[in-house]
1. Is it the case that residue A:21 is within 17 Å of the chain's Cα centre (by Cα), over 23 Å from residue A:261 (Cβ atoms) and touching a residue at least 40 places away in the same chain (Cβ under 8 Å)?
2. What do you reckon, is residue B:65 within 23 Å of residue A:263 (Cα to Cα) and surrounded by 14 or more Cβ atoms within 10 Å (Cβ to Cβ)?
3. Report yes if residue A:255 is touching a Pro at 6+ places or on another chain (Cβ under 8 Å) and within 14 Å of chain B (Cβ to nearest Cβ), otherwise no.
4. What do you reckon, is residue A:249 buried (at least 24 other Cβ atoms within 10 Å of the Cβ), within 12 Å of chain B (Cβ to nearest Cβ) and closer than 30 Å to residue A:409 by Cβ?
5. Spot the failing condition for residue A:31; the list is (1) under 19 Å from residue A:198 (Cα atoms); (2) surrounded by 21 or more Cβ atoms within 10 Å (Cβ to Cβ); (3) not acidic (Asp, Glu), and only one is missed.
6. Considering A:173, A:169, A:164, which residue is among the aliphatic types (A, V, I, L, M), surrounded by fewer than 21 Cβ atoms within 10 Å (Cβ to Cβ) and either in a loop (DSSP other than H, G, I, E, B) or touching a strand residue (DSSP E or B) at 6+ places or on another chain (Cβ under 9 Å) (or both)?
7. Mind checking which residues of the stretch B:43-59 are over 16 Å from residue B:122 (Cβ atoms), within 8 Å of chain A (Cβ to nearest Cβ) and in a helix (DSSP H, G or I)?
8. Using beta carbons and a limit of 8 Å, which pairs, at least six apart or on different chains, have the first residue in the stretch A:2-14 and buried (at least 17 other Cβ atoms within 10 Å of the Cβ) and the second one of a type in the set (Asp, Glu)?
Amino acid sequence: MKRVFALMLGVLTAIGGFVDIGDLVTNAVVGSRFGLGLAWVLPVGVLGICVFAEMSGRIAAVSGRATFDLVRERLGPRVGLVNLVASMAVTFLTFIAEIGGISLALELATSVNEFFWVPVVGATVWLVLWRASFSLIENTFGLLGLTLIVFAVAVWRLHPDWSALVHEASHPANTHGEGLPTYFYYAVALFGAAMTPYEVFFFSSGGVEERWTEKDIGTMRANVFVGFPLGGILSLAIAATAALVLKPLDISVETLGQVGLPVGVALGKIGLVVVLVGFFAATFGAACETGLSTGYSFAQYFGWQWGKYVRPRQAARFHLVVLLATIVAVATLLTTVDPIKVTEYSVVFSALALPLTYFPILVLANDPDYMGEHVNGRMANALGTVYLVVVVVAAAAALPLMFITKAGQ
Amino acid sequence: MISRAAAVLAALLVLTGCVSPALGNGSYRGKGQASVQAALSEVETAALVVEQLRRDRIPKAYADETVSASEQAIGSISESFGSVQPPPQSDQVHDEVTALLDDADSAISAARIAVRRVDRPRLGELLEQLHQLADRLRDAESRLS
């Protein structure tokens, strides 16, 4: 019974924790501009994150060690450093975007300016990361993030023409008057948002924190292969509400307020209150994950003591990195940079960093010295290799498309 | 060599000031169309918020923040278009787009005031105005494309 409960809790938190500010904004932008013409990217991205999250989770369960620790040991300090810098830059950008997203959600709820909230949010995030236990953070925000199911309810309440909706989603085409480079720019952004590197690092580091062993591989796989795809359906629902309500009105999403408006149209005030809870939970949970991932990456690469399962005094350098990252993130936001713009750039840069993040995981998962009998099978290798080609293509296309389309304008 | 190139670039930037030139009539028309399209998005957002508030289907704080963001955005769109030097023979495009952006700015500002006061009769009048403005923006966008 205890095992079933743990399995369900893991799956539910994986669903609720799947969506972050990048998914919220990118899916709404894409839905409002392309309808469901880019829906095909979601399953591609979700399967990709499943493939690499399973590998990194398996590595953590078998070796009891985290990704950066092993990347440096297996591939050397230089490759490890490139991996660290690329992943860290994107994770930190996402951390800034998440803190900005929480502040915007609080502004929408209270009418108090986001710049008042930014330092308050920064301090609260840091306090939670310092004091709260790992499972409390993961379970609380993962479960609260489930409130974003309200987007799926809104789709149903908007009484769409289901056959037209399914037809549009299942026939990839750019039929909405946007240029082809813009279409592919948003395809790359959506792919980057679904495959954000921090999700994999956080997932595997969490496995080490929770002391996974080979016995936990089954539970881990259920979390990945059930939780992530269901989380992906939430992303699709966000795109669908924007496609149904905002696109016919020629509204192109630029703010977090516009992301939630279709739910207000479908479900009224109560729906919007639930949306605000979902925005807060999704962004706060992701801020904790990205904040911790920043500390994890540094500490694992340099071989410092890290994690939430040891006292802060024993992992002082890990907590110092988290504190410094929070201070710099808050300072960056206080320069009045638009968190939505930061989000839009973070998902594209995420695509750029994907090969550097995922290639070492594929190498490690194939190494029998670390993995023993749990080394990658044919299926995992076939999928891993195909996805490595896809992420290389996405990474190569990201910057040219960004310049050609002036960042999707 | 590099420092000389940097000095020339800096001088060019100072000479051209903050006003970015449009390369030609076609390019200026394109900038006008993009501005009108962006303005349409903000006007429709304000209209949707006003409509939902009239029907008591959106919290006041949410409505206020969303319309305020649209007001801020329309200001930036206006400023951005105004900073482009119109080429000769594009005065008509300049005048038409500027007038539409000014109207959008005024209408969304009025919507923000009415939203903050939850002035329902005024919200009704503004909804009508915003819909008419959206129609004009759509006409202009198709003419400019």
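1. Spelling it out, it is not the case that residue A:21 is within 17 Å of the chain's Cα centre (by Cα), over 23 Å from residue A:261 (Cβ atoms) and touching a residue at least 40 places away in the same chain (Cβ under 8 Å).
2. yes
3. Against the criterion (touching a Pro at 6+ places or on another chain (Cβ under 8 Å) and within 14 Å of chain B (Cβ to nearest Cβ)), residue A:255 does not qualify.
4. Details: buried (at least 24 other Cβ atoms within 10 Å of the Cβ): no; within 12 Å of chain B (Cβ to nearest Cβ): yes; closer than 30 Å to residue A:409 by Cβ: yes.
So residue A:249 does not fit the description; no.
5. Of the numbered conditions (1) under 19 Å from residue A:198 (Cα atoms); (2) surrounded by 21 or more Cβ atoms within 10 Å (Cβ to Cβ); (3) not acidic (Asp, Glu), the odd one out for residue A:31 is (1).
6. A:173
7. Restricting attention to the stretch B:43-59, the residues satisfying the condition of being over 16 Å from residue B:122 (Cβ atoms) are B:43-45, B:48, B:57-59.
Applying the additional criterion that residues be within 8 Å of chain A (Cβ to nearest Cβ) yields B:44-45, B:48, B:57-59.
Those that are over 16 Å from residue B:122 (Cβ atoms), within 8 Å of chain A (Cβ to nearest Cβ) and in a helix (DSSP H, G or I): B:44, B:45, B:48.
8. Once the first residue is buried (at least 17 other Cβ atoms within 10 Å of the Cβ) and sits in the stretch A:2-14, its partners that are of a type in the set (Asp, Glu) give A:13/A:138.
The values are calculated or read from the model by the stated rules, or taken from the named source; none is laboratory data. In this text, all values refer to a predicted model and were calculated from it rather than measured experimentally. For neighbour counting, all protein chains shown are included, and Cβ atoms are generated from backbone atoms with ideal geometry for every residue, glycine included.
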